[in-house]
Structures are given as structure tokens and as C-alpha cells.
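These notes are about the structure you will find just below.
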Amino acid sequence: MSALCFQLRAAPPQRLDCSALTPDRLRGLRLAEIARLPLGTTRAALAVGDIFTITGDDPEHIVIAGGSARMDEIGAGMTTGAITVEGEVGIRAGHGMRGGRLCINGNAGPFAATGLLGGEIEIRGDAGDFLGGPGPGHRAGMAGGVVVVRGAAGARAGDRLRRGIIVIEGDAGEYPASRMLAGTLIICSRAGAAPGYLMRRGTLFAREASPLATFLATGSVDHVFRALLARALSPLSAKAALLVGGTALARFNGDLAGLGKGELLIATG
């Protein structure tokens, strides 16, 4: 069997809701039936076959060849299987995923991994604002799973993060880990202004960061926790594993303007 491949015919003329293109939704369908599936749009009605040339026969491994910033909700709600996108994607990639693996060989728009419950997302380019953050009308952000961004991320990464791990190998924009509820955010380069703003619980690692005045320097870092986390991170990101397990870290607790039970761990060397 060969991967089920969706080759983009041309740049989409409008925004597309691509949440129908997951293993869960396509399993058991013939190519002709897949081509007739409707895509959510912002103007004229379109079907999958109007946008993509479809080949292959393995719905457990989907390849979307040719990305676009107008392709939204890639991998939304998937529970199993794998999706690979050869190009950039729009907003809410991996929205509400419960399992499986989504790999984006390009940039991702705002709200990637919003509502993530399980599975793994790898973004090999940059991620937009509110990575793992709550979508409009939602009170909490990502609640499980793992996200690895090989490039940089925009503002508010990990906003209201509840559970799970986010790794950003490049820089992060302002307010990383803002209003974090729990979980772990790892920034392997420079964190933007106001890291951990109104953070309640959870852990933020950063190579470079300037703590707010409402974070206080506290005792030593738990080396057992760091060693176990670094071992778990090794297959995902060597940079993150090195920061967590192989770097001297200073510990700060806060944000004392809120509940104040979060921790900020910043490299000192």
C-alpha cells in the first residue's frame, strides 16, 4: 500500500477547512468518494477533488503535497495514523488531536495545537501566535500530547496550557507561558518579554529570559525530575534534552501576582 496523497492543484482561492482529511474520516472510503467530500470554505462550495489530485490507498498515512497558509484545521480531531504536510499550513493545525502524528514541513499559523489532547505534532518551520493556547471561547489551552517546533514561535506560546509538553527550539515571542495552568514549556533559545505572566502552575525552561519582578529566586532545582524529563525528551529534541538535563539552571517561583505556584528555570551558563 502507498500513502494516500493529496497533491494541491493550485493555490486555494479562499480559506479551506481541511479537517476532513484525517485517517479517521477517510478510512474505508474509495478515491471517488473522497473526491466528493465537501471542504469548509469562506465563499463558494468546494469538494476535495476540486482542490487536490488524489492518489494512493493507505489512509493511515496521509501526505498533503503542497501547503498553503489558507489550509486550516489540518489534522483536527485525529486519533490515530500519521499526516505529513509538505509546506505551510493555516490556523489551528492539530486542533483537538487525541492521537497519531502530524508533521508539518513548513510554517504553521496561529493557534496550532489548540485543544490538543494527545499525540505528537512536529512543526519544522515557525509557529504563529498562541501555540497550544485556547481558541476563542475556550478557557484552557492544550491539555495533553507533545509539540515540537524546530523554528521560532510567536507571542503567547503555551497560554493557559493545562497539560503536555511544548518544545520550541528557536526563540519565542512575548508572554510565553502566560496564564499557564500546568504542563511544561521549553524554549531552547530566547524567551520574549514577560515570561510566565500570571502563571499559576507548571514549568517554563528557557535558555535566555528576564523574569518579571513578581518572580522570586528560590531553592535548588530537582535534579531527579530534570534527568527523567531529559531522557524522555532525547528522542524528540536534542536541544531540549541538553537544556533540561545538561545545563546549570536558576529557579524562580511565580507569578506572585496570581497563584504563584509556577516555576521558571533559566540557564545560567
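Computed quantities for the displayed model
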| read-out | value |
| --- | --- |
| Residues located in the range 107-164, provided they are farther than 23 Å from Ala69 by Cα, basic (Lys, Arg) and at pLDDT 95 or above | Arg160, Arg162, Arg163 |
| Residues satisfying the stated conditions in the range 130-154, i.e. part of a loop (DSSP other than H, G, I, E, B) and in contact with a strand residue (DSSP E or B) (Cβ under 8 Å, 6 or more places away or on another chain) | Leu131, Gly132, Met142, Arg150, Gly151, Ala152, Gly154 |
| Subset of the range 179-227 that is touching a Lys or Arg at 6+ places or on another chain (Cβ under 8 Å) and among the polar types (S, T, N, Q) - its residue that is modelled with the lowest pLDDT | Ser220 |
| Test result for Arg150, among the charged types (D, E, K, R), surrounded by fewer than 24 Cβ atoms within 10 Å (Cβ to Cβ) and within 24 Å of Ala20 (Cβ to Cβ) | no |
| Residues of the range 1-41 satisfying the condition of being small (Gly, Ala, Ser) and either closer than 18 Å to Thr80 by Cβ or open to solvent by less than 10 Å² (accessible area, probe 1.4 Å) (or both) | Ala3, Ser19, Ala20, Gly28 |
| Matching option when the condition is open to solvent by 10 Å² or more (accessible area, probe 1.4 Å) and in contact (Cβ under 8 Å) with a residue 24 or more places away in the chain, among Leu117, Leu131 | Leu117 |
| Residues satisfying the stated conditions in the range 223-244, i.e. surrounded by 18 or more Cβ atoms within 10 Å (Cβ to Cβ) and closer than 30 Å to Ala213 by Cβ | Arg226, Leu229, Lys239, Ala240, Leu243, Val244 |
| All strands (runs of 3 or more DSSP E) inside the range 1-85 with 3 or more residues being at pLDDT below 95 and farther than 19 Å from Ile121 by Cβ | 38-41 |
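The values are calculated or read from the model by the stated rules, or taken from the named source; none is laboratory data. All figures in this text were calculated on a predicted structure; none of them were measured in a lab. Cβ: placed from backbone, ideal geometry, glycine included. Neighbour counts: every protein chain shown. SASA here: full protein model, heavy atoms, side chains in, ligands and nucleic acids out. Shrake-Rupley method; radii C 1.70, N 1.55, O 1.52, S 1.80 Å.
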